[in-house]
Amino acid sequence: MTITPLAQRDAQTTAYRVAAMLIGIGTLHFLAPKPFDDIVPAELPGSSRFYTYASGVVEIGTGALLVPRSTRRSAALAAVALFVGVFPANVNMCRLWWGKPWPMRIVALARLPLQIPMITTALKIRRNS
């Protein structure tokens, strides 16, 4: 399959945007870990802070690897795995926030379907890089 230069340029621009998002969110895991700790499912063994920091490292690393063209395809696949992997925390957030005011419930619920375009975007980056 031949990838057009326009598709490659679009994939690069999209990769940079996703990289910035991942690096930004990953950094927040270290600067303000408490909100991330709070949504880690209690059923997981170990401390929630471990999962907060580990996911922050993975997000920063994946974001950084999306930037160079030489690692972009692999990093895009890692991003897919990451977006699938954090889904249980998003489901847990819905469970935990169900008794909160409606605006908070809407935010929690909106996060669930947003995983789909994030996954498809990462797959598009992989396909066109």
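Just one of the listed residues (A7, A20) is over 15 Å from the mean Cα position of the chain (by Cα), surrounded by 13 or more Cβ atoms within 10 Å (Cβ to Cβ) and closer than 29 Å to N128 by Cβ, and it is A7. T2 fulfils the conditions (1) hydroxyl-bearing (S, T, Y); (2) part of a loop (DSSP other than H, G, I, E, B); (3) crowded, with 17+ Cβ neighbours inside 10 Å except for a single criterion, (3).
Here is a list of conditions, (1) over 13 Å from the mean Cα position of the chain (by Cα); (2) within 17 Å of G26 (Cα to Cα); (3) surrounded by fewer than 15 Cβ atoms within 10 Å (Cβ to Cβ), and G85 meets all of them except one; can you say which number that is? The number of the failed condition is (1). Looking only at helices (runs of 4 or more DSSP H) that fall completely inside the stretch 34-95, which ones have 1 or more residues that are of a type in the set (G, A, S), over 22 Å from T14 (Cβ atoms) and in contact with a helix residue (DSSP H, G or I) (Cβ under 8 Å, 6 or more places away or on another chain)? In the stretch 34-95, the matching helices (runs of 4 or more DSSP H) lie at 48-66. Filtering the stretch 96-110 to residues that are part of a helix (DSSP H, G or I) and either more than 20 Å from E43 (Cα to Cα) or touching a residue at least 24 places away in the same chain (Cβ under 8 Å) (or both) leaves L96, W102, P103, M104, R105, I106, V107, L109, A110.
Read-outs throughout are calculated quantities, based only on the coordinates presented, and are distinct from any laboratory measurement. Values in this document were obtained by computation on a predicted structure and should not be read as measured data. Note: ideal-geometry Cβ built from the backbone for every residue, glycine included; neighbour counts use all protein chains shown.
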